[in-house]
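Written out below as structure tokens is the structure these notes cover.
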Amino acid sequence: MVFEKIQALIVEQLDVDASQVTMDTDFMKDLEADSLDAVEIILGVEDEYGIEIPDDVAENFTKVSDIVNYVEAHK
């Protein structure tokens, strides 16, 4: 459930096909996301789940699984 919502946010933000977004997808290498894209994705996740992700934590997110695991642990 968490993955599907985050996947939808990433698909919308980066205008990529959902099949490109898996738990092992790397934002920079696989999706060619830049730092602004990453910030927008994090803001979307924070809004969706009503949580705050500290900048020092968010800057270490490289894969979709990093965000999914964080949300599951903090929602």
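The values are calculated or read from the model by the stated rules, or taken from the named source; none is laboratory data. Remember, predicted model here, so these are calculated numbers, not experimental data. For neighbour counting, all protein chains shown are included, and Cβ atoms are generated from backbone atoms with ideal geometry for every residue, glycine included.
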- If you go through the stretch 36-52 one residue at a time, do you hit one that is assigned to a loop (DSSP other than H, G, I, E, B), surrounded by 12 or more Cβ atoms within 10 Å (Cβ to Cβ) and within 11 Å of the chain's Cα centre (by Cα)? no
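Assess whether residue 65 counts as being in contact (Cβ under 8 Å) with a residue 24 or more places away in the chain and in a helix (DSSP H, G or I). First the steps, then the outcome.
Working: in contact (Cβ under 8 Å) with a residue 24 or more places away in the chain: yes; in a helix (DSSP H, G or I): yes.
Judged against the criteria, residue 65 is a match.
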- Message: Please go through (1) closer than 20 Å to residue 1 by Cα; (2) surrounded by 14 or more Cβ atoms within 10 Å (Cβ to Cβ); (3) not aliphatic (A, V, I, L, M) for residue 22 and return the number of the only condition it doesn't satisfy.
- Response: (2)
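I'd like to verify a number: residues in the stretch 3-33 that are touching a residue at least 40 places away in the same chain (Cβ under 8 Å) and either aromatic (Phe, Trp, Tyr) or out of contact with any helix residue (DSSP H, G or I) (no Cβ under 7 Å at 6 or more places or on another chain) (or both), how many? Reasoning before the result, please.
So in the stretch 3-33, the residues touching a residue at least 40 places away in the same chain (Cβ under 8 Å) come out as 3, 5-7, 10, 21-24.
Next, only the ones that are either aromatic (Phe, Trp, Tyr) or out of contact with any helix residue (DSSP H, G or I) (no Cβ under 7 Å at 6 or more places or on another chain) (or both) stay: 3.
Number satisfying all stated conditions: 1.
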- Message: What pairs come out if I take residues in the stretch 38-54 that are farther than 17 Å from residue 13 by Cα and pair them with residues that are among the aromatic types (Phe, Trp, Tyr) and at pLDDT 95 or above whose C-beta lies under 8 Å away, six or more apart or interchain?
- Response: 53/70
- Task: Tell me, yes or no, whether the stretch 1-11 has at least one residue that is of a type outside the set (D, E, K, R) and either at pLDDT below 95 or not in a helix (DSSP H, G or I) (or both).
- Result: yes
